[in-house]
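Here's the structure we're looking at; comments come further down.
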Amino acid sequence: MPSVPEPQDTGLLRLFFALPCPPEQTAAICQWRAGQALPGRPVPEANLHLTLAFLGAQPASLLPELYRLAQTVHCPAFELRLEHLDSLGHGFICLRPSRTPVALDQLATLLREALFEHGLVLPDSRTFVPHLTLTRQAPQHLHGQAPLFAWPVTHFGLYQSYNDAEGVHYRELASWPLRPPTPAPI
Ligand code: ATP
Ligand code: MG
């Protein structure tokens, strides 16, 4: 097991809000990916996620404020349906939804607005583009259909990213539930 720095032991933490990929879908995605010979370096199985907002290096003393702020974000749960293979940025090969769920957009927007209202300037101010990275440093672009990987998104989390000799690891610091869907009237 890698040793995880405790927040109070480090001056700055590299933080991001994200949706974790559940174990069942992680296994299915990685099994499919193994047969695809995708270009680039595969993202480790334990690291599959969908970033909502990247905060960059922040003081550990900010954590209580981030926890409070995340609690104010109220969004409905939704189904995430990833079914497209796309190249993004510099050599990222990703799974993407063909249509961004309204609730996902709302979650990312509310979170980013809350961060902004608390005076946090995000390192990346670009429009939110939902994606789950499969490989990095791919020398060529890919666009196409993938099998449908879908799951109910019931919570979001705050993660610390840190590196050790084995590479990058993400540690979930806290997570918050999304609102369960209201049952349809009978
Ligand atoms: P490494 O950078 O060590 O190779 P990584 O990219 O997985 O590994 P981080 O850079 O800490 O780890 O990134 C954590 C998450 O935040 C990833 O989803 C990454 O794509 C996203 N991210 C990182 N930097 C930025 C940025 N400048 N703007 C937007 N998102 C970012
Ligand atoms: Mg990075």
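The values are calculated or read from the model by the stated rules, or taken from the named source; none is laboratory data. None of these values were measured; they are calculated from a predicted model. Neighbour counts are summed over all protein chains in view; Cβ atoms, including those assigned to glycine, are modelled from backbone coordinates with ideal geometry.
Restricted to strands (runs of 3 or more DSSP E) entirely inside the range 102-167, those with at least 1 residues that are over 16 Å from the mean Cα position of the chain (by Cα) are 143-153, 155-164. Only one entry of 129, 102, 73, 153 meets the criterion of being within 13 Å of ligand 1 (Cβ to nearest atom) and β-branched (Val, Ile, Thr), and that entry is 129. Residues in the range 1-33 that are at pLDDT 95 or above and within 14 Å of ligand 1 (Cβ to nearest atom): 10 in all. Within the range 166-176, at least one residue is out of contact with any strand residue (DSSP E or B) (no Cβ under 6 Å at 6 or more places or on another chain) and at positive phi. If the requirement is being loosely packed, with under 13 Cβ neighbours inside 10 Å, of a type in the set (D, E, K, R) and either at pLDDT 95 or above or out of contact with any Cys (no Cβ under 6 Å at 6 or more places or on another chain) (or both), which of these qualifies: 136, 99? Selected residue: 99, the only one of 136, 99 that is loosely packed, with under 13 Cβ neighbours inside 10 Å, of a type in the set (D, E, K, R) and either at pLDDT 95 or above or out of contact with any Cys (no Cβ under 6 Å at 6 or more places or on another chain) (or both).
Would you please name the residue that is farthest from ligand 1 (Cβ to nearest atom), looking only at residues in the range 34-61 that are within 29 Å of residue 90 (Cβ to Cβ) and in a helix (DSSP H, G or I)? Selected residue: 34.
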